[in-house]
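Worksheet: one structure, shown below.
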């Protein structure tokens with residue numbers, strides 16, 4: 001699933017990488033994998049594919065589970081929010097067939113009696129859902145209460161629609177990016193209603209079968225090849241079950257199958273789905289951070305030599321990335337059976353654009369004790385870009401930072417003005433004037449120091 005977006009990462013979308021200007025030779029992906037797992041000790045196993053000029057190179061390193069078989073291109077991983085690309089590709093197909101209209105209200109495609117909120121008379125459209133700009137939260141507040149380690153299990157359509165009926169939109173749909181698994185699940189319901197079949201059947205018939213993706217499904221086709229997921233401490237964690245949230249992040253797949261998907265999406269392999277893939281990028285909106293936009297599911301980063309089309313995913317124990325660079329005719333797939341502080345997105349971007357550097361090994365940081373009464377002076381909104389704010393709040397003597405469209409994350413003190421995240425390799429430094437008043441902050445991540453003025 002994806003709850004991490006824009007610059008800070010907690011469950012799916014990742015930061016814009018630092019844009020270097022030099023271009024080293026294409027990476028040795030096997031060496032990159034070995035370095036990530038062996039030297040840096042980040043994770044258990046990674047499978048990778050690099051596509052270039054019609055050729056696919058696979059590499060794997062590590063193991064499926066502790067003491068298990070080696071990882072390969074046929075190892076099955078949870079792919080989390082990459083599943084949203086299937087959902088949006090279905091939408092594009094049904095729009096081309098005139099079964100659905102991209103800018104029509106969501107209410108037109110739900111069962112009779114469903115209550116959908118609006119803002120001052122403006123309804124939520126399908127395009128708002130696809131571009132995470134409907135004004136809906138990342139998840140319903142009651143999700144995960146039954147089982148925090150398997151948070152989506154057992155949450156059904158009745159609960160989702162009950163939440164929707166009770167929710168008041170905070171702003172006009174389409175006005176602001178806010179990453180939302182809730183919206184993706186509702187889009188799945190709309191697709192089922194319009195397509196007159198269960199969501200999984202639509203995906204199988206319209207995407208997986210035409211593309212020959214025989215090892216992609218909501219449940220692993222071969223449990224013996226299903227990797228064991230691991231948390232940041234390296235401990236095994238349960239596989240997630242998604243139920244009504246399957247359109248947001250429920251699929252599992254292999255590097256080989258996702259390479260087929262990337263080949264079709266990029267046009268490297270001609271398929272009958274080409275018009276739908278083109279529609280996924282035909283109309284785009286800002287995506288909450290500088291240099292980033294979103295089409296139907298796909299994120300579009302302004303890279304150093306051209307656009308990079310990508311998406312990632314994170315579940316309780318897995319991290320995934322797919323993407324392609326149209327200018328360089330390069331595609332990439334990276335799948336890992338562990339969630340780490342660094343993540344694997346830098347590997348994916350480096351495969352697509354070698355000038356984008358790999359992330360360094362995270363520095364070990366230790367929190368210090370500071371007077372909690374100084375924390376409230378940092379509270380406020382800080383603008384880092386035209387569409388990217390950080391909101392700083394305090395609660396119970398702790399400091400929290402929330403980026404636009406993301407969940408609120410705690411930061412720990414290294415000094416009275418310097419703080420660090422524990423779930424992502426990023427730090428915050430507050431700037432003061434000569435009188436000690438807080439005037440701004442600096443976000444340190446991916447080799448970049450991004451200042452933000454206090455609003």
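Between residue 432 and residue 166, full extension at 0.36 nm per residue minus the direct alpha carbon distance yields a gain of 91.5 nm.
Report the extension gain between residue 235 and residue 149 in nm, rounded to one decimal, defined as 0.36 nm multiplied by the number of residues separating them, less their alpha carbon distance. The partial results should precede the final answer.
Numbers: separation 86, 0.36 × 86 = 30.96 nm, distance 1.26 nm.
Roughly 29.7 nm would be gained on extension.
Annotation: the residues 125, 355, 83, 253, sorted from fewest to most other C-beta atoms within 10 Å of their own C-beta, follow the order 355, 125, 253, 83. Look at the Cα gyration tensor of region 372-454: its axes a ≥ b ≥ c give a/c under 1.5, and that counts as rounded.
Between the beta carbons of residue 201 and residue 422, assuming R0 = 35 Å, the FRET efficiency works out to 0.25 to the nearest 0.05.
Its Cα gyration tensor gives region 60-185 an equivalent ellipsoid. The semi-axes, each the square root of 5 times an eigenvalue, are 32, 19, 13 Å from largest down. Sorted fewest first by neighbouring Cβ atoms within 10 angstrom, 263, 283, 55 come out as 55, 283, 263.
What is the distance in Å between the Cα centroid of region 111-141 and that of region 291-334? One Cα centre to the other: 25 Å. Along each principal axis, taking the top coordinate minus the bottom one, the Cα set of region 301-423 gives 54, 33, 24 Å in descending order. Seen from every direction in turn and averaged, the convex hull around the alpha carbons of the chain projects onto 21.4 nm². By other beta-carbon atoms within 10 Å, ranking 409, 96 with the fewest at the front produces 96, 409.
The numbers here are math on the coordinates, done by the rules we state, and not lab data. Here the structure is a predicted model, which is why all the values come from computation and not from measurement. Note that each Cβ is placed from the backbone with ideal geometry, even for glycine, and that neighbours are counted across all protein chains shown.
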